[in-house]
1. Of these, 305, 276, which one is modelled with pLDDT under 85, closer than 30 Å to residue 157 by Cβ and surrounded by fewer than 23 Cβ atoms within 10 Å (Cβ to Cβ)?
2. Go through segment 118-155 and give me each residue that's surrounded by fewer than 18 Cβ atoms within 10 Å (Cβ to Cβ) and within 30 Å of residue 288 (Cβ to Cβ).
3. If I filter segment 54-71 down to residues being assigned to a helix (DSSP H, G or I) and modelled with pLDDT under 80, which single residue comes out as surrounded by the most Cβ atoms within 10 Å (Cβ to Cβ)?
4. With 196, 171 as the choices, which residue is in a helix (DSSP H, G or I) and more than 16 Å from the chain's Cα centre (by Cα)?
5. Which residues, taken from segment 173-182, are crowded, with 22+ Cβ neighbours inside 10 Å and either out of contact with any helix residue (DSSP H, G or I) (no Cβ under 9 Å at 6 or more places or on another chain) or under 17 Å from residue 257 (Cα atoms) (or both)?
6. More than 24 Å from residue 86 (Cα to Cα), modelled with pLDDT under 85 and not in a helix (DSSP H, G or I) - does that describe any residue in segment 221-228?
7. From the list 162, 144, 194, 158, which one is in contact with a helix residue (DSSP H, G or I) (Cβ under 7 Å, 6 or more places away or on another chain) and over 27 Å from residue 371 (Cβ atoms)?
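The values are calculated or read from the model by the stated rules, or taken from the named source; none is laboratory data. Just so you know, these numbers come straight off a predicted model, no measurement behind them. Cβ coordinates were reconstructed from backbone atoms using ideal geometry, including for glycine residues, and neighbour counts include every protein chain displayed.
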């Protein structure tokens, strides 16, 4: 293929679509709300099924006679790697086929695996069910975003993505609170079987309210292998800065969530319940506020026509880097907690902006693939290496008799936060320049 025939992916044709798309395929009236409710419930139950083994780890360990290493394998890197990498082929299926079919199939699949986990009598069987959960959940964000792209009008998509993402903090709170209560009263097996059953009902709701999502003509005509198509998207400087920003954000978020409670306990003398309550409630509140506010603000930024669709989260991350640094060395516990709030907000606020911008850069019919690549960027290196780096630095500082070694280790969080803000501002500028260069040929 000649150079002139190859489309330039650095020139996203998104503003014209906002101005002129009036297709009858978009949902109207009550169906818009029904679709968003179904997607929110799907996102919530996905998060609940993912984190249930965390809150029930001690019960599972005692019942199945597992080691801490085996518990770590069930809840750690193996799940993250499977979840991140399998999202790409499932995203391709959502882009080229029916995202409703992909999403419903994924919900049914991971719900069945969750319920089967409640029947496990061995580590191997439970481990296989967790891989099944990871396989199904890997397709949920790409397929959900593809449904939003096909069913929700462009001027409302930021809010729709925000509502979909709000399932993460809500699901986390519900999973820990309700899952823990059911585990204590009825046992961990009942919690898994119950969650799987609820997921099946949500799959049926999604099937009914989403409506047909036939393949796009452009996607159906695209026979390029998904790996080659993904690499071509990553070859775009604009998208590459988005991807780097996702990686940087994961290096900030993963150790932040892994060590925030130990930091409050070790440095400020909080009990586990006090740290969990304070951090958990604030994180849940910031998750809800951040995703909804971010979604509405992103829609306004898109409608402005400037192409500057990543500036606010970039600035917020720079602010958060300062407050997080101050929080690590604040002398009073409650001041430290308050100074961590901008960081909690920034992670949630970024979700609709990051995914929405990725969709705009990728173009129509490739929204699911863009989501998948962002998931890979945020789901592999950061969660695997971020907490490890903090732990190594903390141990080294403590061994060198430096006070508050964990605070020293956690300085990697504001460093990664600064890098996230910078990369987002660069991507913000790149998208604006791409818009001025004109639409895709």
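1. Numbers: 276 fails: closer than 30 Å to residue 157 by Cβ.
After ruling out the rest, the residue left standing is 305.
2. 153, 155
3. Within segment 54-71, the subset assigned to a helix (DSSP H, G or I) is 54-55, 57-64, 68-71.
From what's left, modelled with pLDDT under 80: 54-55, 57-58, 68-71.
Working: 54: 15, 55: 20, 57: 18, 58: 11, 68: 9, 69: 9, 70: 17, 71: 18.
Among them, the one singled out is 55.
4. That would be 196, the only listed residue that is in a helix (DSSP H, G or I) and more than 16 Å from the chain's Cα centre (by Cα).
5. 175
6. Just the residues of segment 221-228 that are more than 24 Å from residue 86 (Cα to Cα), to begin with: none.
Among the residues of segment 221-228, not one is more than 24 Å from residue 86 (Cα to Cα), modelled with pLDDT under 85 and not in a helix (DSSP H, G or I), which makes the answer no.
7. Numbers: 162 fails: over 27 Å from residue 371 (Cβ atoms); 144 fails: over 27 Å from residue 371 (Cβ atoms); 158 fails: over 27 Å from residue 371 (Cβ atoms).
One residue alone meets the criteria, 194.
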